[in-house]
Structure formats: structure tokens, C-alpha cells
Amino acid sequence: MTEAYVLALLPFLAAVGAAATPRMAAIWGLCATLINLGASILLAARILSGGDMRADLGDWPAPLGISLVADGLAAVMLSMTAIVATAVALQAMSWGLVQPRGGQQRSRLQAGFWPLWLATLGALNALFLSGDLFNIYVTFEILGLSAVGLTALTGSRNSLRAAFDYLAAGLAGSLVFLLGVALAYAAVGRVDLAAVPALVDTATGRLALGLIFAGLAVKAALFPLHFWMPAAHSSAAPAASAVLSALVVKGALYLALRITIEAGAGIEVLRIALAVLGAAGMLWGSWMALRAERLKLLVAYSTVAQIGLITLAIGVADDPSTSAMWQAAALLMLSHALAKAAMFLAVGRIAEELGHDRISGLNRTDLRPGVAEFAFAIAAVSLIGLPPTAGFIGKWLLIDGLIDRGAWVWIALLLGGTALSAAYLSRVVSRCLRGGPHVAPGARRPEWRTGDVAALGLATTALALGLGSALPLTLLNGTAL
Amino acid sequence: MSTVLDILGTAMMTAGTGFLLMAAFAFWRLPDLLSRLHALTKADTAGVALIVCGAACMTSGIAAVLSLVLCGVLVALSGATTGHLIAQASLEDEERA
Amino acid sequence: MTSETMYILAGVLLAALAMHRLCTARDALARILALNVLSVGIAMLMLLAGRVAGVTDAVPQAFVLTGIVVLVAVTAALLSLAERISGGDDD
Amino acid sequence: MTQLFDALLAVGIVGVAVAALFANDRFAAVGAFMVMGFLVALSWVRLGAPDVALAEAAIGAGLTGALLLRSARRLRVEPKMCQSRWSVAASGLISIGFAGLLYAAITSVPTVPAYPPLVAERLGESGVSNPVTAVLLNFRAWDTLLEIAVLFVALVLVIVVPVSRVRPAPLGEMVVPFAKVVVPLSVLISGHLLWQGADAPGGAFQAGAVLAGGGLALVLAGAMRLKKPLQGGILRATALSGLAVFGAAAVATAALTGHLLGYPDGQAKIWILGIEAVLTLAIAATLVLLFHGSVRRVPK
């Protein structure tokens with residue numbers, strides 16, 4: 001479990017280092033991110049060869065102590081985080097955070113970005129590894145605070161307002177979650193994850209689960225509790241938006257999936273509620289994305305829609321001991337993280353090149369589409385779920401399972417959501433990639449930057465993951481149920 | 001002996017509580033800052049001092065009495081100082097206005 | 001009615017009143033206050049849930065202590081964001 | 001008799017909470033919130049949880065109250081939006097239903113906590129005899145480490161989003177003598193709380209909060225001006241040292257025993273006291289900085 005210890009602890013230590021020595025912050029950040037990537041790969045390899053791992057911190061067995069649990073699902077999430085983290089770190093290294101408006105402010109942003117970002121990484125790792133509900137509450141608080149810090153970094157009026165609403169909503173969500181934990185403690189007398197199955201038996205326990213899910217719904221920006229999210233995600237700096245949208249909301253979604261797996265059968269009402277809200281969110285988010293005028297806002301609303309899709313997948317998954325449909329949700333999370341991070345990084349690059357992010361002004365005659373537009377298009381293909389991307393495999397698993405059950409209503413909703421996502425994403429892609437008359441013959445191409453490598457690399461990973469989806473599926477299959 | 005001390009202590013604590021209640025009432029009813037401060041600081045300090053003395057009568061052991069006295073002294077010190085600070089701050093505000 | 005029941009009622013009322021205020025208030029300070037009151041209510045319930053035969057369980061006590069410290073940190077962050085928005089000086 | 005006291009206290013808590021939530025005047029609301037904190041602390045003493053009561057009085061009521069008071073004047077009062085009566089009524093009804101549900105849920109099952117026998121069984125191995133300290137710094141030290149990380153992130157956030165700084169009080173002739181008494185006392189009390197935390201109510205968080213109170217007295221008296229980069233730097237380094245030292249201790253324990261935060265046999269008390277001593281200073285520094293805001297260089 002050395003890898004798990006490294007994953008949980010190293011980012012925090014590096015964050016302190018980055019905060020203490022602002023000039024070296026980027027070096028701390030890059031080193032920690034790379035070690036984090038190595039550790040997560042090692043951990044995944046260990047789990048593939050040796051099965052699940054478990055460590056009692058301080059050698060105090062649960063429920064008194066806290067256990068770190070590393071199974072296939074956790075390994076998939078950790079690797080996803082590490083890959084996106086590497087791309088984000090590369091981007092932030094090469095490009096800074098915002099359009100520079102003054103040396104001092106820029107350096108302050110740089111100095112603030114790395115500690116906050118490393119704390120986000122550490123909180124995510126700790127969350128994915130944790131086997132204890134109260135411990136998870138604390139990781140949520142770190143995650144919420146550092147994500148808010150990332151939102152507020154640009155210092156503009158809009159981002160500060162969005163950050164305040166984000167933090168207030170996030171705190172309300174985690175307090176509701178904490179109330180759920182308190183009730184869970186009242187119901188079964190302990191708060192480790194292994195106690196979740198027993199919660200289903202009593203009314204108090206079911207109310208506890210309901211409150212826990214309500215808190216998670218706020219944190220994951222599940223429709224109709226998504227009100228804080230589009231503003232926060234669209235007003236942050238691009239590297240920060242990528243982290244917020246690709247990773248931070250995944251923390252809550254992961255936990256929702258984990259708890260439904262642990263609880264097994266017996267939470268039918270909750271599952272149905274999740275599926276219905278998920279479907280509603282998918283349709284609403286898609287509709288808003290269709291009407292959005294700014295590119296960043298479109299991508300942010302597309303996140304609302306995709307969260308809806310993932311929640312729908314969590315909701316319709318059967319009892320995990322009998323069916324493997326929950327793996328579709330995990331795979332969709334993975335592909336969404338890669339594609340959405342690529343998309344936000346690409347959008348940041350496009351906006352930088354154009355000087356604005358209005359969709360109507362995307363096709364400029366004096367500028368040819370560049371690498372960023374290409375990355376955006378690949379990411380869009382994965383988000384829509386066209387073969388051979390990971391998004392396709394996820395949706396295929398989901399629809400396959402639904403066909404077996406004959407749940408035609410859900411299938412229709414899924415296909416409708418897919419069609420809508422194709423519609424709003426092609427609004428952008430068609431404008432970006434259309435050659436032809438609107439590009440003047442001598443139009444320049446944007447220069448290559450190292451930051452482009454990050455966006456393109458992520459998008460390609462999302463594409464390649466569809467071909468190599470056997471690997472995450474093998475990992476997930478090993479998850480003990 | 002102990003009953004005498006008990007009665008004395010209870011009486012002092014009751015009186016102290018009365019003082020505190022009066023301070024609260026004054027804070028609620030008096031019209032402006034300075035008169036509120038005037039009522040609050042004195043009645044508050046006296047009330048806490050009485051309660052401390054009353055409690056000291058009812059406890060045994062020098063350690064408990066000492067910490068009680070410490071509480072009383074701290075309240076007296078900080079009450080006086082903060083009252084002074086608030087008054088001075090309001091005076092400065094008035095002069096500036 | 002035992003003492004425990006009365007305190008449980010107090011905790012429940014704190015949580016519910018704070019929720020109501022959180023949903024209806026617009027003022028930033030009022031919302032922050034409501035969140036703080038909510039957490040006190042939750043802490044009260046957590047302590048009482050762990051009270052059996054007149055003894056309070058030590059583990060929820062530790063939870064509540066952690067919660068208090070976490071909340072003061074988040075409150076400070078919320079207040080500094082709110083002050084910055086009110087201040088009107090964005091650089 | 002005690003039951004009457006409990007009833008009065010419970011009613012008082014709810015009444016003051018209503019005042020804190022619904023008062024029109026901001027200062028009255030914050031004042032009521034602080035009074036509520038102290039009453040709640042009193043009720044927790046009654047419930048046999050003195051550690052938490054100390055923390056609630058010092059941090060929950062005291063420091064949070066001070067923070068709110070600091071902001072109450074600075075925050076712009078937002079114009080009252082005309083909320084429809086129906087939505088307020090609906091929210092009220094939902095809250096009443098929620099309260100009923102919550103009450104029924106809490107009281108319907110007799111809780112059988114899994115922890116007390118485990119804590120009792122393992123307390124001897126934990127190195128301290130105060131069960132709350134044993135849980136916080138040994139059994140569930142990972143929670144505490146992450147909690148310090150929360151403080152760290154909040155500090156970074158406050159530094160990134162700087163606000164205008166606290167104006168020291170006008171120095172009157174009473175302030176300096178007062179600070180001369182209070183600051184040494186706060187150091188003394190915090191040291192006492194830290195040391196006694198091993199066996200009796202107290203510990204790093206309470207001690208840190210008391211020390212922070214002394215620090216704030218210094219700042220408000222104008223005796224400690226964080227404008228000087230040196231003082232701000234020392235304070236900031238102290239604040240950062242909490243997470244750094246706790247994290248380093250975790251690494252060291254993993255290297256020594258193979259278990260993250262598993263202290264070597266028989267040395268638990270030394271490790272716990274060492275970590276707590278650093279945490280006390282770090283928590284105090286963090287809280288002072290959180291209250292005071294960060295150093296903001298105004299270009300002039």
C-alpha cells in the first residue's frame with residue numbers, strides 16, 4: 001500500500017512546499033503530479049496482478065480506525081485523476097493561467113494556483129481511497145474549498161461572485177451530507193463504508209442514505225441543484241475549469257456509485273429518483289447548451305447534461321452482485337473526465353487565440369482552425385459517444401443492459417440525450433472545422449504551444465481508451481462486491 | 001458551618017444573577033451607546049464577581065477557588081478594557097463626523 | 001420528557017430553522033449565519049445520537065470537534081469572498 | 001431540578017437561535033449567534049462532552065463571532081428582494097416537515113454505538129488517557145491531518161483573495177496594560193490546555209484557539225502590525241508548519257512501523273504531544289491570519 005500512502009499524502013506535502021516557496025511552486029507542482037501519475041499506475045498494476053488492497057491507518061482496524069481501500073473502481077478513478085492532472089499541470093506550466101494583465105497579479109495567481117491545485121489532487125486521491133463516511137466528509141471540505149479557490153483565482157467580479165455561490169452551495173451540500181452521516185451513526189452506530197448495507201434495514205438508515213445522496217447531488221451539480229455550477233465553471237481560468245468540470249464533480253459522483261454498489265439491492269426508490277433526475281438533467285443541460293451563446297457556457301452546460309447521463313447510469317444499474325451495469329457508469333465517468341478536460345483546455349486556447357469565446361464569432365476569416373479545434377472535435381466525438389471512443393463503450397454497455405431488461409423508456413431517453421449532445425456539440429465543431437469559403441487564402445494558423453499537447457493528448461487518450469477499454473473493464477471486474 | 005456557607009453562596013449567586021439580568025435589561029432598554037456601556041460594564045462586573053464569590057463559598061479546595069478568582073479577575077479586566085475601547089472608538093467616530 | 005429529548009428537540013429545531021433561513025435569505029451574512037447555526041444543530045444531534053446510559057461516545061465528540069474547526073475555516077473563506085465582492089475593488 | 005435547568009437551556013438555545021437567524025440588525029444577529037454558541041457549549045458540558053464544549057466556546061462562538069463582527073460592517077446590505085409569501089410559507093412548511101422527520105428518525109432507533117467498547121479496549125495502547133484526544137490524534141489521526149489541510153487551504157484562499165485589513169483599535173491608556181496581562185495569560189492557559197489534553201479535557205485545538213485569542217488581542221491593540229513582512233512571514237511559516245510537520249510525522253511513522261500514522265510501540269505519547277505542540281502554534285497562527293486577512297500591498 002506504499003503507493004496509496006504516496007497518493008494520499010504527497011500532494012498535500014507538495015502543496016505546503018508550493019505555498020511556502022512561491023517561486024518554486026511550478027516545480028513542486030510538476031514533480032508531485034508526475035510522481036502521482038507513477039504511483040497510480042503502479043497501484044493499478046498491483047491491483048491487476050494481486051487483487052484488492054486494504055490498509056488500516058495506524059494499524060487500528062475499522063470501524064474504530066480509518067481504512068484505505070484500493071480496489072478496481074478506486075484504481076480507475078485514481079488513474080483518471082492522475083492522467084488529467086498531468087495534462088492540466090503541463091498546460092498550466094506552459095501557458096500561465098489567464099491572459100496576463102500585469103506581472104505582479106500574474107505571479108500571485110501562479111503562486112496561488114499550485115497549492116490549491118495540489119490540495120485538490122490530494123483531496124481527490126484521499127476521497128477515492130477512503131473507506132469511512134466521516135473521513136469522506138472532511139475530504140469533501142478540502143475539495144470544495146480548493147475548487148472555490150481555483151474559481152476565484154482570476155479575481156474578476158464574475159468569478160468572485162460565482163466562487164461565493166459555489167462555496168455556499170458546496171457548504172450547504174456537505175452539511176446535508178454530514179447530517180446524513182450523523183443519522184447513519186444513529187442508525188447503526190458506526191460510519192465506515194462497510195456499515196452502509198445495514199442502513200437499508202431501518203427507516204432512519206434510509207433517511208440517512210437519502211440525505212447523503214441529497215448532499216452529493218448538490219456537490220455533483222445534479223439537476224435541479226446545478227444552479228451554482230455553470231457560472232463557476234465558465235468564469236474560472238481554463239486550467240481551473242478543466243479541473244472543476246472533469247475531476248471535482250466526479251468526487252461526488254464516484255461516492256454515489258460507491259454507495260449504491262455497497263448498499264446493493266434495497267434502495268430501489270433512491271435508484272429511481274437518481275435515474276429520473278439524471279434523465280431530466282441530461283435533457284435540461286442539453287437544451288441550455290443548445291441555446292448558449294458563449295463557448296465556455298456551452299461546455300459548462302454540457303457538463304450538466306453529462307452529469308445527468310452518468311447519474312442515470314448509476315440509477316438504472318441493477319443490483320451489482322447480479323449485473324455489471326454499474327461498470328458503464330464508471331466508464332462514462334472516465335471518458336467524460338478525459339474528454340471534458342480536453343475540451344476546456346481547448347476552449348481556453350481558442351478563446352485566447354480569438355480574444356473572445358462567442359460561438360457566433362468562431363469562424364474568423366483570417367484564422368485557420370488549429371490544434372485546439374482539432375482536440376475539441378475529438379473530445380466532442382467521445383462525449384457524443386461515437387465509436388471507437390470510451391464514451392461509446394460506456395453507452396453501449398448501458399444500452400445493452402437496458403435492452404436485456406426491456407427498459408425501452410430509458411433507452412429512448414438515452415438516445416434522445418445523445419442526439420441532443422450531437423446537436424449542441426456540432427454547433428461548435430461545424431464552425432471550427434469547416435474549411436471552405438470563410439477562411440481567407442492567406443489566413444494564419446495559430447502557433448503550436450506546449451499547452452496544445454495537453455489538450456490533444458487528453459483527447460487522443462479518450463479516443464484510444466475506446467480501443468483499449470479492456471484494461472479499465474478488467475480492473476472494474478476485480479472490484480469485490 | 002457548611003450550611004451557613006451554602007446559604008451565603010446561594011444568596012450571593014442569586015444576587016449576581018440578578019445583576020446580570022439587570023445588565024441585560026439595561027442593554028435592551030437604554031437609548032444610546034454610552035449609557036448602555038455605563039450600565040453594562042458595572043452591573044456585569046459586579047454580577048460576575050458576586051457569582052464567583054458565591055461559587056467559592058460552595059466549593060472546597062484551594063485550586064477551584066483560585067481558578068474561580070482568575071475567572072472573575074479576567075472578566076473584570078476585559079470588561080473594563082473593552083468598554084473603554086468601545087467608548088473611545090465611538091468618541092473618535094463622533095469627532096470625525 | 002428526559003433531558004436528552006429536550007436537547008434533541010433543540011438540535012432538530014436549530015437545523016430546521018437554519019434550513020428555512022438558508023432557503024429564504026438573500027443577504028450574504030444571513031446565509032453564512034444560517035450555515036453556522038445548521039452545523040451547530042447537526043453537532044448537537046451527533047453528540048446525542050452517541051449518548052447511551054448517560055455517557056457520550058468519544059468518537060462523535062471527535063467528529064464534532066473536527067466539524068467546528070472545519071466550519072470556522074470555511075466561514076473565514078466565505079466572509080473574505082463576500083467582503084471582496086462588496087468591496088468593489090477588483091484588480 | 002437539573003431537568004428544569006436542561007429545559008430552560010434548550011428553550012434558551014432555540015430562542016437565541018431564532019434571534020440570530022431572523023434579527024434585522026446585523027450586530028444583534030451576530031451577538032445572538034455568539035450567545036447561542038456559549039449556551040450550546042454549556043449544554044455540551046451537561047452532556048458530558050467538555051472537550052467539544054471548550055472548542056465550541058472558543059472557536060465556534062468566539063472566533064466565528066469575531067469574524068462575523070469584522071465582516072458585519074464591511075458587507076454591503078443587499079436590497080431586500082420581495083419574496084413571495086407563498087415561497088416563504090412553502091419553505092416554512094417543508095422545514096416543519098423536515099424537523100418532524102428528523103426527530104422521528106433520531107428517536108425511533110436506539111443507537112448502539114460500536115465505538116465505546118473499542119475505545120475502552122484500545123485506550124491503553126493509545127498513549128493518552130483522554131479518549132477524545134486518543135481518537136483525534138491516534139485512532140483517527142488521518143481525519144485530523146485532513147482537517148489541518150482544510151485550515152491550510154482556507155488560508156491559501158484568504159491569501160489569494162485579499163480583503164482590506166483590520167484597523168487596530170485606537171490605542172488608549174488601558175490597552176497596553178490589558179494586553180500585557182492577557183497575552184501572557186493566554187500563552188499560559190494554552191500551554192496548560194495542551195498539556196492537560198492528554199488526560200483531561202483540552203488539546204491542540206482548544207489551546208490553539210486560546211493562543212489565537214491572545215494573538216488577536218495583540219493585533220487589535222496595534223502591538224503586532226503584520227505590515228512588516230518579517231512578522232507576516234514568521235506567522236505564515238508557523239501556519240504552514242502544521243500540515244508540513246503532521247505530514248512529515250505521517251511519513252516518518254510509515255517508515256518506522258510500516259503503518260501510516262501508526263506510532264512506534266510505547267512512544268505514542270511523545271509523538272502525540274510533539275505533533276500537538278506544533279499544531280497548537282500552527283492553528284493559532286492560521287486563525288490569526290484568517291481573521292486578519294492577508295498582507296495586501298496597496299499600490300500608491
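Are any residues in segment C:25-56 in a helix (DSSP H, G or I) and in contact with a Lys or Arg (Cβ under 7 Å, 6 or more places away or on another chain), and if so, which ones? Outline the logic, then answer.
Here is the first cut: in segment C:25-56, the ones in a helix (DSSP H, G or I) are C:28-49.
Selection gives C:L29, C:A30, C:A34.
Within segment D:30-48, being facing another protein chain (nearest Cβ under 7 Å) and free of Cβ contacts under 8 Å to residues at least 24 places away in the same chain holds for D:W44, D:L47, D:G48.
Of all residues in segment D:97-122, which are over 15 Å from A:G189 (Cβ atoms) and in contact with a helix residue (DSSP H, G or I) (Cβ under 6 Å, 6 or more places away or on another chain)?
Going through segment D:97-122, the residues over 15 Å from A:G189 (Cβ atoms) turn out to be D:97-104, D:107, D:121-122.
Those that are over 15 Å from A:G189 (Cβ atoms) and in contact with a helix residue (DSSP H, G or I) (Cβ under 6 Å, 6 or more places away or on another chain): D:F98, D:A99, D:L102, D:Y103.
Among the conditions (1) part of a helix (DSSP H, G or I); (2) modelled with pLDDT of 85 or more, A:A239 misses just one, which is (2).
Considering the conditions (1) in contact with a His (Cβ under 9 Å, 6 or more places away or on another chain); (2) modelled with pLDDT of 90 or more, A:N363 is excluded by exactly one of them, (2).
Would you tally the residues in segment D:121-142 being part of a helix (DSSP H, G or I) and buried (at least 24 other Cβ atoms within 10 Å of the Cβ)? Working first, answer last.
So in segment D:121-142, the residues part of a helix (DSSP H, G or I) come out as D:121-126, D:131-139, D:141-142.
If we keep only those that are buried (at least 24 other Cβ atoms within 10 Å of the Cβ) as well, we get D:132-139, D:141-142.
Residues that pass the stated criteria total 10.
Conditions tested, residue by residue: (1) closer than 29 Å to D:P177 by Cβ; (2) not in a helix (DSSP H, G or I).
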site: B:A15; (1), (2): no, no
site: B:L50; (1), (2): yes, no
site: B:C57; (1), (2): no, no
site: B:S60; (1), (2): no, yes
site: B:Q88; (1), (2): yes, no
site: B:E92; (1), (2): yes, no
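Count of segment A:377-408 residues, restricted to those that are under 13 Å from A:H336 (Cα atoms) and assigned to a helix (DSSP H, G or I), is 13.
Quick one: in segment A:151-190, which of the residues that are among the hydroxyl-bearing types (S, T, Y) and facing chain C (nearest Cβ under 7 Å) is nearest to C:V70 (Cα to Cα)? Explain how you work it out, then say what you get.
Going through segment A:151-190, the residues among the hydroxyl-bearing types (S, T, Y) turn out to be A:151, A:154, A:156, A:159, A:166, A:174, A:185.
Add one more test, that the residue is facing chain C (nearest Cβ under 7 Å), and what stays is A:156, A:185.
Details: A:S156: 27, A:Y185: 20 Å.
Here the answer is A:Y185.
Checked against (1) part of a helix (DSSP H, G or I); (2) surrounded by fewer than 22 Cβ atoms within 10 Å (Cβ to Cβ); (3) in contact (Cβ under 8 Å) with a residue 40 or more places away in the chain, D:L101 meets all criteria but (3).
Would you confirm whether or not segment D:85-93 contains a residue that is surrounded by fewer than 14 Cβ atoms within 10 Å (Cβ to Cβ) and at the interface with chain C (Cβ under 7 Å from one of its Cβ atoms)? Yes, because at least one residue in segment D:85-93 is surrounded by fewer than 14 Cβ atoms within 10 Å (Cβ to Cβ) and at the interface with chain C (Cβ under 7 Å from one of its Cβ atoms). Under the condition of being among the hydrophobic types (A, V, I, L, M, F, W, C), closer than 13 Å to D:W271 by Cα and over 19 Å from the mean Cα position of the chain (by Cα), the residues counted in segment D:112-150 number 1.
Could you list, in sequence order, the residues of segment D:51-79 that are basic (K, R) and facing chain C (nearest Cβ under 7 Å)? Quick ask: steps written out before the conclusion?
Taking segment D:51-79 first, the residues basic (K, R) are D:70, D:73-74, D:76.
Within segment D:51-79, D:R74, D:R76 meet the criteria.
The values are calculated or read from the model by the stated rules, or taken from the named source; none is laboratory data. Just so we're clear, the structure is a prediction, and the values are computed from it rather than from any experiment. Neighbour counts are summed over all protein chains in view; Cβ atoms, including those assigned to glycine, are modelled from backbone coordinates with ideal geometry.
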